[in-house]
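Down below is the structure, laid out as structure tokens.
The values are calculated or read from the model by the stated rules, or taken from the named source; none is laboratory data. Remember, it's a predicted structure, so these values are computed and weren't measured experimentally. Note that we place each Cβ from the backbone using ideal geometry, even for glycine, and neighbour counts take in every protein chain shown. Just so you know, the surface numbers come from the protein's heavy atoms only, side chains and all, with ligands and any DNA or RNA stripped out. Shrake-Rupley method; radii C 1.70, N 1.55, O 1.52, S 1.80 Å.
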Amino acid sequence: MIWGCAAAVAALQLSLPGPALSAFLGGFLGLFLAARLDRTPLRTPWGAALIALATLALQLLARLPAGLPSLGRLTGASNLLLLTEILSWFCLSLTTVAFWHFLSRRIRFFSGLELAIVVGILASPFAAHRGGFINRPYFLVDPLWSRGYDPVPVLFALGALAATAGALVTLGRSSRRGHMLDALLIPLLLLLIFALLPSRALRDWFPDKAESMGLTGKPREGGKGKGNERPQNEMELEDNHEQSHSPTPVAVVLLQDDYTPPSGAYYFRQTAFSVYNGRRLVADLVGQGDKDIPIGFPAPGLETSLPGRPASQVPTRKLKTTVALISSHTRPIGLITPERFISQSNPNPEQFWKAYEVESEVLLGDEMMLLGRPAGESGWSPELWKQYTEVPPDPRYKELADEVCERLRPELRRDPYAQALAVRFFLEKEGIYSLRSRHMHAAEPVADFLFGDKTGYCVHFAHAAVYLMRSQGVPARVGAGYYSDARNRGRGSSILIRSGEAHAWPEIYLQGVGWVVVDISPERSLVPEMSSPDPELQRMLGQMARNEKDELRGERKNLREMLLRFLLLALKVLLLAALVTMLGLGAWKVWRRLAFHYGPESRALGRAYRAALDALSDVGIRRQYGQGRLDFAREQQERFPELLELTRMHLDRVMGPPGTPPATRSEAVRRYRELTRSIRSQVKPARRLLGALNPFSWLLVK
Amino acid sequence: MTANPTREQALENASQVIERLRKRCQHAIRGREDVIDLLLIALMADGHVLLEDYPGSGKTTLAKTLGDSIIDDNPQEKIAAFRRIQFTPDLLPSDITGVSVFEPDKGTFEFRPGPIFAHVVVGDEINRTSPKVQAAMLEAMAEKQVTVDNVSHQLDDLFFVIATQNPRDQAGTYPLPVAQLDRFLFKIRMVDIERSAEIDVLASYKKRRAESTEELPRVTRSQVMEARRAIDEHVHIHPEVHTCLVDIARNLRKSPQVMQGVSTRSLVLLLPAVQAEALMRKRNYVLPEDIERLAPHVFTHRMELAPGAEDPHRLIKECAKPALEALSRQALKS
């Protein structure tokens, strides 16, 4: 059954419900097949080989219907595809499950492996949640979020359940009591762990993958970072770049006004590299230039202002954005060009690491308006000019740049923006985007890239472009941060930034405009394009960042109110029920005291005796469990001699030989009155009052 | 209690018989009221008693007094009121049952009854004799007859045995098996009498020796038999009492501390005993209290405890409690 579920889960992630169902069936049958095969005298390797062969054969068979054109005409192409899918999943899960289960039945080692595989498959839908996809797995989490609940406790509970079940199975206690004990102890332990562990700390155990760009991670203090950690202010030109196209969310940005950049992509700069250190560009630590790079996050309640753009000569506008970082970062990121960072309270500390507001001066209009603007600022010192235009002492850069710019129309050959564009187009045409490159160990990695195979990733391209632009005298630097395709935004106002979108790009400085991004996206890429973000997740995180949970919270509040009201109602009902019960008991007590006056004569004595016992019970005198009635009466004889007589009369009637004439009502009443009189004379009034008010006393009469 | 004058009269006579016997016994023995009561109950319930106590605790005196208190008014047979048999290992069955002796005058064998032909027989240290003798004794107790030379001789209807055994000093004894212990209605373990009673025994010793019990009224054999019949017929047992007894027995059998529970026969034997107890308490019906008082004495020697269990009296009390309580509650409901 579990195997079937595992197969279905695996199939569901890749296919439709129909094939998943067939996978479930296949897995289920696979178990039986394995069991059947296990009973045959077939030797293990042969059995495994047989199943493997069967896998191949069945896969071929399952694909067969797709190759039959007549069938296709009969059912329609889509149905045929579905059929093929169903068949192939069925066969695949059948043979796979049979294979593993057969092996696990035969060889001990494989039984552990089998368990691991099953657990792995079943856990895989939940793994995404940990990676930042707080809306996965959809079937479980979506309904929770939509009602305004945090699914983490639910997931924890599921995990705890699974762990308990696993532990119970593996412990394999023989006695039922042992099982019960385990079943009680293990969840308790897990609960303890859960209670003692803050959930944020848990998240910190799983570092983000965007680390490789040096963007994320907490700011290190005073170089205390460990040796293998990358300094935060430089960017390695490494081979086998780790930056996979990981879709783990790292931040969500809310646009407070609608805006689509002219370039078609949002650039969120975190830092810039402008100082040439003889090998590559590094951040300006001296602080001469790059004054527009924020040093750190704004302190709570404060804001950081940056120089931003010079008095603009191109159409720009101010745009406020709210950034909510999901994973920790060294510096704030801001939509180009950020001018002010204003700290903001974290809308949801469970989900976000930090939140702040950014006021940016964004470019409007066409990129072509940037043509014809001189590079640099007239007020720049020669040192600053040198910092922004320094190139490696390799003449090839200049030669190549000249050659590239030669292709421009003569009137644009000296135009900085046109030159930058020329470099960009050249690299886009010639370069190949790849995360696997071989330049790291070259003396000049960038030269190795540019004058070699031109295969590299964004950092290579950015560096190469900056060197080429600088060699033409255009001040340029490498900007680093995240970029997000404007198309990904969809119709909403929130932009989900994922770790795979960490990026480096060249920027040039134009007079009266400031730093302008001239990004390079090579035409040829060896890396599959990144999928667009999950719009649902983007919307949800946006809502959280906007604190739009208010709406949800309202619903929750309503729920809480309803719960409270329900509790109150329940309390009232309980109180009322208690009151009614007390009154009922009291009324019944009074009736028992008076009953001997009414009803048939034959029952009067029994009722009088009962009333006497009630009266004694009121003042706390009761027969012990197992004590004889006569013994009890004899015990009380000194204080209440009337009881003994009454008891004897009653027992004569009840236990005595039939035909004994019962005592008359008047006699019974007389005895009862005598008894109550002696109770009055011997018991303190306070005790009697207390007893009279107690509606339960008669319940204790045996 | 005036519905049936004859019934009332019969019960009144029976309690008078018991009262006279009790008075005589109490005069002879001091501080043993509980044992005397149990003895009288056994006598009325037609059962035998096994006393477990130490030498010198007055059991022979008690038995002798009891035997003396009963006047034999049966003219046909000359039966002694009281006999005492000291059981020893070399005793033979014929020593207690009697033997056929050749009469040279008549030329025939004539049966000479043994000491067992008496109203009240005291068997001292019954566990000291051989199983053969024990068996003969116990047959006589169960069947009220002895068989000598294939001729059965009927014992008196009143035949009442008080056997004793010493709880210590078990060396060289033949302990009675449970099946034979079953012949005794009660096994009474006598505890030391109270200090004041013991002082009283010493103080009144001379006086009591001087004024013998002769002055106190005695009862006749037929009166005792009459009392037995009256108790059996006229002391009422409520049907719920039967339920209660069965429940007690079942509880005992179920208890993990009991290896061998009590038999149904013991319940049957208990019935006349509780009737007698009820009469001694001046009642003509049985109450849970009667059962509570007698059950330990009837059940202790009939069951076998599981290893590790001790204090059968407490165990029986605990097992009886729910059933007795149910019986008590029943009394309030109806």
Pairwise label distance in nanometres, B:TYR174 with A:LEU699, each label 7 Å out on the Cα-Cβ vector: 6.3 nm
Rolling a 1.4 angstrom probe over the protein heavy atoms, how many square angstrom per residue are accessible across chain B? 48 Å²
Need the C-alpha centroid separation for the stretch B:103-142 versus the stretch A:329-345, integer Å. 120 Å
State, in angstrom, two size descriptors of the stretch B:208-258 derived from its alpha carbons: Rg to one decimal place and Dmax to the nearest whole number. 20.3, 55
Projecting each Cα onto the charge dipole of the protein assembly as shown (Lys/Arg +1, Asp/Glu -1 at the beta carbon, about the Cα centre), which of B:VAL219, B:TYR54, B:ALA331 comes out farthest on the positive side? B:VAL219
222 nm [θ] for chain B, helices only, -39500 (n - 2.57) per DSSP H run of 4+, per residue, to 500? -15500 deg cm²/dmol
Quick one: buried accessible area between B and A, total over both chains, 1.4 angstrom probe, nearest 100 Å²? 2200 Å²
Dipole in debye (nearest 20) - the protein assembly as shown, about Cα centre, beta carbon charges: Lys, Arg +1; Asp, Glu -1: 2460 debye
Hull surface divided by four, with the convex hull built on the Cα atoms of the stretch B:235-333: how many nm²? 5.8 nm²
Please give the per residue volume of the convex hull enclosing the alpha carbon atoms of the protein assembly as shown, rounded to a whole number of Å³. 373 Å³
Histogram of C-alpha separations across chain B, 10 Å bin width, %: 5, 23, 32, 26, 11, 2, 0, 0
For chain B, find the longest principal axis of its Cα atoms and tell me its angle to the long axis of helix B:239-254, 0 to 90°, nearest 10. 80 degrees
Just counting partner chain Cβ atoms within 10 Å, what average do the residues of peptide B:321-333 show around their Cβ? 5
Heavy-atom accessible surface of the protein assembly as shown: percent carbon and sulfur, 1.4 Å: 59 percent
Treating only Lys and Arg (+1) and Asp and Glu (-1) as charged, each at its beta carbon, one finds that chain B has a dipole about its Cα centre, in Debye to the nearest 20, of 640 debye
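Volume per residue, Å³, of the convex hull around the alpha-carbon atoms of the stretch A:292-408?
Working: hull volume 20.6 nm³, N = 117.
It is 176 Å³ per residue.
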Within the under-10-Å Cβ sphere about A:ILE621, not counting A:ILE621, Lys/Arg +1 and Asp/Glu -1 give a net charge of +1
Scattering curve values for the stretch B:160-260, log₁₀ I(q)/I(0), Debye with Cα scatterers, q = 0.10, 0.19 Å⁻¹: -0.64, -1.21
Bins of 10 Å, beginning at zero and ending with the bin holding the largest distance: percent of Cα pairs per bin for the stretch B:285-334, please. 23, 47, 22, 7, 0
Return, ordered by residue number, the residues of the stretch A:401-433 whose backbone nitrogen is under 17 Å from a label point located 7 Å along Cα→Cβ of A:ARG524. A:425-433
Using a 7 Å offset from the Cα along the Cα-to-Cβ direction at both B:GLU233 and A:LEU184, what is the distance between the two label points in nm, to one decimal? 6.4 nm
Proximal charge balance of A:GLY264 [Cβ under 13 Å; K/R count +1, D/E count -1]: -2
